[in-house]
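Report on one structure; see the data block that follows.
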Amino acid sequence: MLAELPWALEAGLKAACVLAAFLVLPLAVGQLEHKLMGHMQGRLGPMEAGPHGIGQLVADGIKFAQKEDVVPAAADRPVFRLAPAVALIPYLVALAAIPLAATWVAVDVPASLLLVLAVTSVGVIGTLMAGWGSGNKYSLLGGLRAGAQLVSYELPLVLAAASVAMAAGTLSLTGIVQEWSWWWLAWQAPAAFVFLAASVAELQRTPFDAPVADSEIVFGPLTEYTGLRFAFFLLAEYAGIVVMALLFTVLFLGGWRGPWGDIGAVGALWTLLKATGVAVLILWLRVAWPRVREDQLQRLAWLVLLPLALLQLAITGVGVVVLA
């Protein structure tokens, strides 16, 4: 139906839908994290904003908007001010290329997997800019830790995604879902483990939150940020969870595949339900696992995840040749 509209109107409607999803889904994940952690840790938390405190995240946003925007005297001002946008915008671009259903995708490019992987890796540059631009030694140390994590975990992440692309014979996310079969759950299980672990590290979430370890380096690259700029970094974190959960769903869980999944709205619902389960798993790791040391983090990447990803790639190659 959108294809029948003028090009400019179609593009405007798609952009509006992606922007709405970009604003709603990360906030929903943030609220889910607050409530999930509260119940898992046996505490109530703030309950005044709406029924069961479901409006607390909105109240926090209003609070951040009212705070003063402070720029440190020693900061590199252009870099410091631009960093939140660099951390946030790549996830908006990635969300536009991830299909929710067979026909529910804003930008269906031929090599959409490469596009999503490329733009999500740009997000860490915002963390590096924040660490450098703040003029704070703790922030700089956090930025360097973030850069080290990116170098270590980007390769296993890409290799795990390449295994699925090789199995499907396409770099299109839509094409991958169309080629997906239920027995891939076992065939690509090692790649799924590698991808999930590397995604958590890329997002700098617990147990891989060394770049923002508050007990060691205050709050790392975000130490000097206040007001809306700090809120944008938090939004980027939750947007990253949404994007990685959706990408994991498309690559390893069949995306919209399910009963009546060929119907656009039902297929999108299947994708969102599966992605919600993945997001809950990422949130659960924050409660269940302690922070790992920097040497343990690097050892996991280079001695466990990378060899496992290479082994999975070899297994997938043999499987593709045998089944061809």
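The values are calculated or read from the model by the stated rules, or taken from the named source; none is laboratory data. Values in this document were obtained by computation on a predicted structure and should not be read as measured data. Don't worry about glycine lacking a Cβ; one is built from the backbone with ideal geometry, like all the others, and counts go over all protein chains shown. Heavy atoms of the whole protein, side chains included, go into the accessibility calculation; ligands, DNA and RNA do not. Shrake-Rupley method; radii C 1.70, N 1.55, O 1.52, S 1.80 Å.
How large is the charge dipole for the chain, taken about the Cα centre, if only the Cβ atoms of Lys, Arg (+1) and Asp, Glu (-1) carry charge, to the nearest 20 debye?
Dipole size: approximately 400 debye.
What do you get for chymotrypsin sites (Phe, Trp or Tyr not before Pro) in the stretch 132-231 restricted to DSSP loop and a cutoff of at most 10 other Cβ within 10 Å of the site's Cβ?
W182, W183
From the Cα gyration tensor of the stretch 244-324, with a ≥ b ≥ c the square roots of its eigenvalues, which class applies: rounded if a/c is under 1.5, or else prolate if a/b is larger than b/c, or else oblate? Write out the running numbers ahead of the final one.
Values: a/c = 4.45, a/b = 1.24, b/c = 3.57.
Oblate.
For E237, E48, E154, give me the order by solvent-accessible area with a 1.4 Å probe, most accessible first, ignoring ligands, DNA and RNA.
Order by accessible area, largest first: E48, E237, E154.
Quick one: net charge around G227, please, counting Lys, Arg +1 and Asp, Glu -1 for every other residue with C-beta under 10 Å from its C-beta.
Once positives and negatives cancel, what remains is +1.
(i) 23.7; (ii) 21.5; (iii) 18.1: which one is mean projected area of the Cα convex hull in nm² as calculated from this entry?
Here mean projected area of the Cα convex hull in nm² agrees with entry (iii).
Stretch M37-R81 to full length: gain in nm at 0.36 nm per residue minus the Cα-Cα span?
Gain on stretching M37 to R81: 12.7 nm.
Rounded to the nearest 0.05, what FRET efficiency do A73 and V109 have when you use their Cβ-Cβ distance and R0 = 51 Å?
The formula returns an efficiency of 0.70 here.
What does the net charge come to around A198 if you take all other residues with beta carbon closer than 12 Å to its beta carbon, with K and R at +1 and D and E at -1? Mind showing how you got there, number by number?
Details: positive: R205; negative: E154, E202.
That sum, taken over residues with Cβ under 12 Å, equals -1.
Per the 1.4 Å probe, what fraction of the accessible area of the chain, in percent, lies on carbon and sulfur atoms?
Answer for the chain: carbon and sulfur cover 72 percent of the accessible area.
Would you mind pulling out the separation of the Cα centroids of the stretch 12-72 and the stretch 271-324, in Å?
Rounded to whole Å, the Cα centres lie 28 Å apart.
Just to be sure I follow the definition: excluding the sites themselves, where is the longest run in the chain that has none of the trypsin sites (Lys or Arg not before Pro) in a DSSP loop with at most 13 other Cβ atoms within 10 Å?
With trypsin sites (Lys or Arg not before Pro) excluded where exposed in loops, the chain gives 68-292 as its longest stretch.
Kindly provide the helix-only [θ] at 222 nm of the chain, computed as the sum of -39,500 (n - 2.57) over DSSP H runs of four or more divided by all residues, to the nearest 500 deg cm²/dmol?
After summing the helix terms and dividing by residue count, I get -23000 deg cm²/dmol.
Excluding ligands, DNA and RNA, what is the solvent-accessible area per residue of the stretch 101-156 at a probe of 1.4 Å, expressed in Å²?
Values: 2410 Å² over 56 residues.
Normalised by residue count, the accessible surface of the stretch 101-156 is 43 Å².
Using 0.36 nm per residue of separation minus the Cα-Cα distance, give me the extension gain between Q178 and E216 in nm, one decimal.
Result: 9.1 nm gained on full extension.
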